[in-house]
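Down below is the structure, laid out as structure tokens.
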Amino acid sequence: MSAIFNNWEYMISGLRYTFLLALFGIVGSFLLGCVIATLRLSPYLPVRLFTKAFIELVRSVPLLLFIFFTYFLMTELGYNVSAFVSGSIALAVFTSVYVAEIIRSGILGVHPGHVEAARASGLSYLQTMRYVVLPQAVRRMMPSLSSEFIMLVKETSLVSVIGVQEFYARVSITNSRVLVHPFELLAFAAVVYFCICFALSLVARRSELRSDL
Amino acid sequence: MGSVNWNVVFGPEGRALFASGLWITVQIAFYAIVFSTLIGSLIAFGRVSRSPALRPLRVALTALVEFIRNVPVLVQLAFWYFGVFGLSTVQWLVSPLTGIYSIEFIAGTCALIVYRSAYIAEAVRAGLQSVPRGQYEAATASGLGYMTTMVRIIMPQAYRMALPTLINHYVGVTKNTSIVLVIGVPDLVFQAYTLTSRTFEVFLVMGAAVAVFVVLCTLVSAGFNALGRYLDHRWGYARRSTGPRSIRSWLEAWAA
């Protein structure tokens with residue numbers, strides 16, 4: 001246990017980066033996901049094809065490769081960004097295509113009769129979206145969205161490969177310095193991640209029940 | 001940028017690195033898919049068991065699945081590599097295998113198998129639970145034993161129902177193999193990284209690695225989808241008519 005308590009400050013302070021990465025990832029991927037979902041539902045075939053191709057492309061790339069690619073690409077393009085910024089961008093873009101598919105299927109899951117009824121009673125396209133489609137779609141999307149975001153929290157640990165000093169990176173560094181207590185340190189990391197993710201999933205489950213009212 | 005130096009990827013060095021990396025990736029993906037399906041299925045069967053005597057087992061399995069699903073795979077990988085495979089007993093146990101595969105390879109594959117088993121257990125469990133109760137009752141009423149009912153009646157329906165989710169996980173595990181590079185297994189992404197640091201042709205090399213993964217994932221999902229269609233045909237489910245279609249309608253359907 002001493003291995004954990006001696007390095008407690010150092011390891012726990014890495015959670016700041018983990019939370020920030022998760023926050024940027026969630027907000028960024030949600031905004032970008034909305035844009036991609038909108039393009040994906042566009043009435044123009046070329047736009048749909050292009051968006052679908054982009055989604056399929058990103059979906060078949062491992063996140064680790066995507067993180068490296070983004071990091072190198074930023075440098076190649078002449079943006080001098082830190083590993084943290086590059087990692088956040090990679091996480092946000094990578095997750096956004098999954099979020100886009102969730103949003104899209106949520107919107108398509110709304111019965112077309114509701115849209116027709118709303119339009120027939122004189123609501124504009126935006127009003128139909130705002131008052132009829134989205135309230136139903138959001139409710140439908142919540143379970144998948146929350147599990148996607150919990151996945152994102154876990155995936156922030158991968159950003160350690162480009163040198164972001166987040167929680168896992170610090171545990172890993174501590175582990176290679178202490179060397180003789182791998183079980184303690186890694187079990188500690190596992191428990192911390194488990195508490196965060198499990199708490200998030202409990203919160204998500206509760207809020208799902210409420211939205212059923 | 002100027003002219004593209006394709007030789008970086010298609011020259012002898014690039015080809016050799018990509019080929020050796022791809023072979024490692026394919027092997028890990030294969031083992032992970034096979035064993036996570038087996039272990040995941042066992043967990044799922046344990047969790048849908050009904051006997052009151054097995055209640056402790058169900059509770060333990062549920063806790064295990066929840067724990068594995070809520071811990072990053074990278075942490076689990078380090079746990080297996082530094083923890084479990086650091087023990088001399090475990091090293092002695094797997095020593096017959098280390099002639100074929102490195103200890104990093106085995107540890108990485110174990111981590112991926114265990115991580116994905118938890119997800120596959122959930123998928124199979126959902127499949128098993130979606131088979132209507134009447135199917136069990138009808139099978140039992142017609143005199144089939146428990147094993148026959150499970151193997152001949154329940155499992156085919158459950159796995160067919162779970163197949164789309166399973167395919168997602170198979171593609172996911174194929175992509176996830178890349179994390180073994182952090183413990184030094186020379187897989188595809190590792191070799192692409194090596195080539196990048198030797199040639200500084202970031203865009204080309206990483207682009208090639210992306211292309212290889214796109215092909216690999218497409219093959220995995222197309223293969224299992226074909227399996228699903230074959231089973232539908234074999235078991236006599238109605239198939240969609242596949243008349244001649246124009247390219248435009250095919251594109252419309254793809255981007256629907």
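Read-outs: derived from the displayed coordinates by stated rules, not from any lab. Owing to the predicted nature of the structure, the values given are computational and were not obtained by experimental measurement. Please note: Cβ atoms are built from the backbone with ideal geometry, for glycine as well, and neighbour counts cover all protein chains shown.
Remarks
- Residue by residue, segment B:143-156 carries 3J(HN,Hα) couplings of x, 7, x, 4, 5, 4, 4, 4, 6, 8, 10, 7, 4, x Hz when phi is fed to the Karplus relation 6.51 cos²θ - 1.76 cosθ + 1.60 (θ = phi - 60°); x denotes Gly or Pro.
- For segment A:137-213, the fraction of alpha-carbon pairs in successive 10 Å shells from zero, as %: 17, 38, 25, 15, 5, 0
- Per-residue mean of C-beta atoms belonging to partner chains within 10 Å, peptide B:85-92: 1
- Look at where the Cα atoms of segment A:147-213 and of segment B:189-238 average out, and the two centres are 28 Å apart.
- For chain A, relative contact order (Cα pairs under 8 Å, six or more residues apart, normalised by length) works out to 31 percent.
- Gyration tensor verdict on segment B:86-127 (Cα atoms; rounded if a/c is under 1.5, prolate if a/b is larger than b/c, oblate otherwise): prolate
- Overall form of the protein assembly as shown per C-alpha gyration tensor (a/c, 1.5; a/b vs b/c): rounded
- Potential extension, A:Met1-A:Asn80 segment - 0.36 nm per residue separation minus Cα distance: 24.4 nm
- Per-residue mean of foreign Cβ neighbours for A:51-59 is 3 (Cβ atoms of other chains, 10 Å radius).
- The charge dipole of segment A:18-164, taken about the Cα centre with unit charges on the Cβ atoms of Lys, Arg (+1) and Asp, Glu (-1), comes to about 420 debye, rounded to the nearest 20.
- Cβ crowding within 10 Å, taken as a proxy for footprinting-reagent exposure, orders B:Val214, A:Val97 from fewest neighbours to most as B:Val214, A:Val97.
- 3J(HN,Hα) along segment B:39-47: 5, x, 5, 4, 4, 4, 5, x, 6 Hz, from the Karplus curve 6.51 cos²θ - 1.76 cosθ + 1.60 with θ = phi - 60°, whole Hz, x for Gly and Pro.
- Loop sites here are trypsin sites (Lys or Arg not before Pro) outside DSSP states H, G, I, E and B with no more than 13 other Cβ atoms within 10 Å. The longest part of chain B free of them is B:51-238.
- Take every Cα pair under 8 Å whose residues are at least 6 apart in sequence, average their separation, divide by the length of chain B, and the relative contact order is 27 percent.
- Selection from A:Gln165, A:Gly106, B:Thr177, by position along the positive dipole direction of the protein assembly as shown (Cβ): A:Gly106
- Binning the alpha carbon pair distances of segment B:186-256 at 10 angstrom intervals from zero yields the distribution 16, 26, 26, 18, 12, 2, expressed in whole percent.
- Gyration tensor verdict on chain A (Cα atoms; rounded if a/c is under 1.5, prolate if a/b is larger than b/c, oblate otherwise): oblate
- Fraction of alpha-carbon pairs over 24 Å apart in chain B - percent: 60 percent
- The protein assembly as shown, dipole about Cα centre (Lys/Arg Cβ +1, Asp/Glu Cβ -1), debye to the nearest 20: 1420 debye
- Listed values for segment B:48-61 are Karplus-derived 3J(HN,Hα) couplings in whole Hz (6.51 cos²θ - 1.76 cosθ + 1.60, θ = phi - 60°), namely 8, 4, 10, 4, x, 5, 8, 4, x, 4, 4, 4, 4, 5, and x replaces Gly and Pro.
- Comparing B:Ile103, B:Val65, B:Asn5 along the charge dipole axis of chain B, the residue lying farthest to the positive side is B:Val65, per the Cβ-charge model.
- Placing unit charges on the Cβ atoms of the charged side chains and taking the dipole of the protein assembly as shown about its Cα centre, the candidate lying farthest along the positive direction among B:Pro186, B:Ala123, A:Ile55 is B:Ala123.
- Contact order for segment B:74-225, expressed relative to its length and based on alpha carbon pairs under 8 Å spaced 6+ residues apart, stands at 24 percent.
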